[in-house]
Structure formats: C-alpha cells, structure tokens
Amino acid sequence: MATAAARLRAAGVPDPARDARLLLAHAASVDAARVTLIAPEEIAPEIAERFEQLVALRAVRVPVSQLVGSRAFYGRDFRISREVLDPRPETETLVDLALAAPFDRVLDLGTGSGCILVTLLAERMQATGVGADLSETACLQASANAVLHGVAERAAIIQSDWFDAVEGRFDLIVSNPPYLAATEMADVAPELRDHEPQMALTDGLDGLSVYRIIAETAQSYLTAEGRVMVEIGWQQGAAVCDIFSRAGWASVELAHDLDARPRVVCAAQPA
C-alpha cells in the first residue's frame, strides 16, 4: 500500500493513500475498513496482480469509482461505468433541496447513472418518476441502479434528447446538465476530461445552452405548483438565475453547497 500510494502521489492523484486502500480492498474483495486487518497477512499472488493492475490504471487517472464499479451517493452505492458521470457529493445539495418539499411525480433530465432519480424515489416511497437521457448506455445503467435500489417499478427510464420524448406533467423537474464551457475543458482534472463522457460534462458551447432549453420548455411539463431545480457550476449562479428570470419563472433562487459555493438554481412555476 505504501509503494502504491507513493506511485499514485507521483502521478498527481489527489488522495493517494485513500485510493491505494480502496483499490487493495477491491482487489482482495474485502471492505475498505478491514484492509488494516489483513495487512499482516501474506497477499495471494492473484490479489497482488489485481492490485497492481488497478494501481496502474489509477496512475493514469482512471477514476476509482470506475475501477471498483461503484460510487457512494446519499448513503447508497450506485453502479458506475465510464459511460456515465461519476456522482459527486455536491450533487447531494440538489437532492436535499428536492426533498425539502413534497412531490408525487419527478422528472430527471440527463439522468446518467440515475443517482438523483433513484435517490429521490428511494427517499419518497409514494413518488414515481421518469429519468431521461440521450445515451442508451446511460439509460441501461440508470435502469440497473433502479433495480438495485428497489425502485424500478416506480421509475421509467427513457432515451430522450432532453424533453423530446417526455410526456405528462410533473411536480418536480431536476437536472444536473453538462455545464462546463468548451473553453474550460482543457483545465479540468484528467479524471473528468479523459475518462468521463464528454456529453455529460460540456455542451460544447458556453456551458449555458441546456439551462436555456430547460427554462424555455419546462413550464409545459410542470403542474400548476411545480418546481424546477438545476445544478450549476459555481461561477454560473448569476447567469443561470438571469436565464430563468427572463423566461418568466417565479421565485428564482440560488442555493449553496456545503462549501458555501453556488450550486443549485431553484424556480417555481409562474402564477
């Protein structure tokens, strides 16, 4: 583990000791909390080989979640692959805000792994929802996570270019859209730039195009008292609030994450 951590540190991995521990636990098929318990034991050759392969991949900045196949989000483990965006802790702010008021039917645009939709349905046992994504592979991943967490009967996963294949009305529309501008992509971490789906990271333009689509279209898919909540980049608060305000939304508000950074824009259906 010490050798692996040093190798990862030299490769620029942000938390090399933690990652070395997680990868060894995965290679040995034990819980990460038990790694210290097996430390005095001789490691079987096949485990050592698997560990070496995992460390080599992490050294070229393949995300840990892709190597172990899962990521914890809102207290649940979600199956992850390189075809979907890796769920991140800041997105839990969106979930917290969504759960702060009642809803019966929710739409998750750009659902990816399904972490937002599945979490909301798991936390609200009476609710039903739709997860929409342009990627067929992402739809399969979201469906698998819905089954994993016991909400598949209440979750419809559809392949759709934003609202194109969506039908009906919803009490709540949520989205973590691609919000990086094309000019920002060169500066993001290698884990994102090289190993996560580009269509989930950037719109290839100014990073705001999807917010314009949602602001201009979502009112037709909401109930009379419906809400929309979108995750944003921490420097986009004013711009996204302006987009929704200009589109005629009511009660446009900016919420912050646990690091006190602007993270979610919330808006209500106009009266």
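The values are calculated or read from the model by the stated rules, or taken from the named source; none is laboratory data. As the structure is a computational prediction, the values presented were derived from the model and not from experiment. Here Cβ is always computed from backbone atoms with ideal geometry, including for glycine, and neighbour counts include all displayed protein chains.
Run down Val30, Val55, Val35 and say which single residue is surrounded by fewer than 15 Cβ atoms within 10 Å (Cβ to Cβ), more than 23 Å from the chain's Cα centre (by Cα) and either outside the structural domain of Gln219 (by TED's automatic domain parsing) or modelled with pLDDT of 95 or more (or both).
The match here is Val30.
Could you list, in sequence order, the residues of region 35-87 that are assigned to a helix (DSSP H, G or I) and either on the phi > 0 side of the Ramachandran plot or in contact (Cβ under 8 Å) with a residue 60 or more places away in the chain (or both)?
Across region 35-87, the qualifying residue is only Gln66.
Does Val13 satisfy the criteria of being assigned to a helix (DSSP H, G or I) and in contact with a Lys or Arg (Cβ under 8 Å, 6 or more places away or on another chain)? Please lay out each step first, then the result.
Values: assigned to a helix (DSSP H, G or I): no; in contact with a Lys or Arg (Cβ under 8 Å, 6 or more places away or on another chain): yes.
Considered against the rule, which asks whether it is assigned to a helix (DSSP H, G or I) and in contact with a Lys or Arg (Cβ under 8 Å, 6 or more places away or on another chain), Val13 comes out as no.
Which residues, counting only those in region 247-271, are modelled with pLDDT under 95, of a type in the set (A, V, I, L, M, F, W, C) and either assigned to a strand (DSSP E or B) or within 13 Å of Met229 (Cα to Cα) (or both)?
Ala250
Taking the conditions exactly as written (in contact (Cβ under 8 Å) with a residue 12 or more places away in the chain, surrounded by fewer than 18 Cβ atoms within 10 Å (Cβ to Cβ), β-branched (Val, Ile, Thr) and in a helix (DSSP H, G or I)), does Thr217 satisfy them or not?
It is true that Thr217 is in contact (Cβ under 8 Å) with a residue 12 or more places away in the chain, surrounded by fewer than 18 Cβ atoms within 10 Å (Cβ to Cβ), β-branched (Val, Ile, Thr) and in a helix (DSSP H, G or I).
Out of the residues in region 231-271 that are in contact (Cβ under 8 Å) with a residue 60 or more places away in the chain and under 27 Å from Gly168 (Cα atoms), state the one that is surrounded by the fewest Cβ atoms within 10 Å (Cβ to Cβ).
Cys266
Tell me, yes or no, whether region 170-182 has at least one residue that is outside any loop (DSSP other than H, G, I, E, B) and over 29 Å from Ala127 (Cβ atoms).
Yes, that holds for at least one residue.
What do you reckon, is Asp164 part of a loop (DSSP other than H, G, I, E, B), without any contact (Cβ under 8 Å) to a residue 24 or more places away in the chain and over 14 Å from the mean Cα position of the chain (by Cα)? Please lay out each step first, then the result.
Numbers: part of a loop (DSSP other than H, G, I, E, B): yes; without any contact (Cβ under 8 Å) to a residue 24 or more places away in the chain: yes; over 14 Å from the mean Cα position of the chain (by Cα): yes.
Yes.
If you go through region 16-34, how many residues are assigned to a helix (DSSP H, G or I) and over 12 Å from Leu54 (Cβ atoms)?
Here the count works out to 6.
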